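Novice: Structure below; questions to follow.
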Amino acid sequence: MSDDGDERRFLTAVQVEAYGRFVGTPVLEDLERFFLLDDVDLKLVRGRRGAANRLGFALQLTTVRFLGTFLDDPLAVPEAVLEYLATQLGIRRPGVVRDYMMREMTRFEHRWEIQAADGWQEFAQVTDELTRWIDRRAWATGEAARRSSTGRCRGCGSGGCCCRRWNR
């Protein structure tokens, strides 16, 4: 792919801008689906010392599930999300979460723990696996040779094995 943004042309400017951050406040259905802490979550969260760390950990745990990525600033969430989690944890003053950022490494250590617990991986770690998965899917269709961007067939017209098959 080129570096001129062509790879993003399938997304609108609004979609690109919205990726990896909250756009508005999640509706109740989303709060219940992504931010409701189950018994396993509560066990992980309760292993933290202090209300700020419990709430900060819960924010990261649930935000990555909702957005598909960790926030650079784990506190950049709508007030409703913060209050929803604080209520579940019995934390009366959700503002205490500001103390979560006092020690910078805490958020990274929690991120790593959440990645391990939920099986999240950095994109760079799975790029090859994802490419193989997409490649298998693309070649399972009748249009694969013309649409493949994996390098197997670039529409070169050389008459090679893939071109002969698809360009009859």
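Novice: Quote the Stokes-Einstein diffusion coefficient, in whole µm² s⁻¹, for region 19-65, based on the Kirkwood radius over alpha carbon pairs, a temperature of 20 °C and a viscosity of 1.002 mPa s. Please report the intermediate quantities before stating the final value.
Specialist: On the way: Rh = 11.5 Å.
For these conditions, the coefficient is 187 µm²/s.
Novice: Same structure again: Among residues other than Thr25 whose Cβ falls under 14 Å from its Cβ, what is the net charge (Lys/Arg +1, Asp/Glu -1)? Mind showing how you got there, number by number?
Specialist: Values: positive: Arg21; negative: Glu29, Asp30, Glu32, Glu79, Glu83.
Surrounding charge for Thr25 is -4.
Every number in this text was worked out from the coordinates using simple rules, so none of it is lab data. Just so it is clear, the structure is predicted and the values come from calculations on it, not from any experiment. Reconstructed Cβ throughout: ideal geometry from the backbone, glycine too, with neighbour counts over all protein chains shown.
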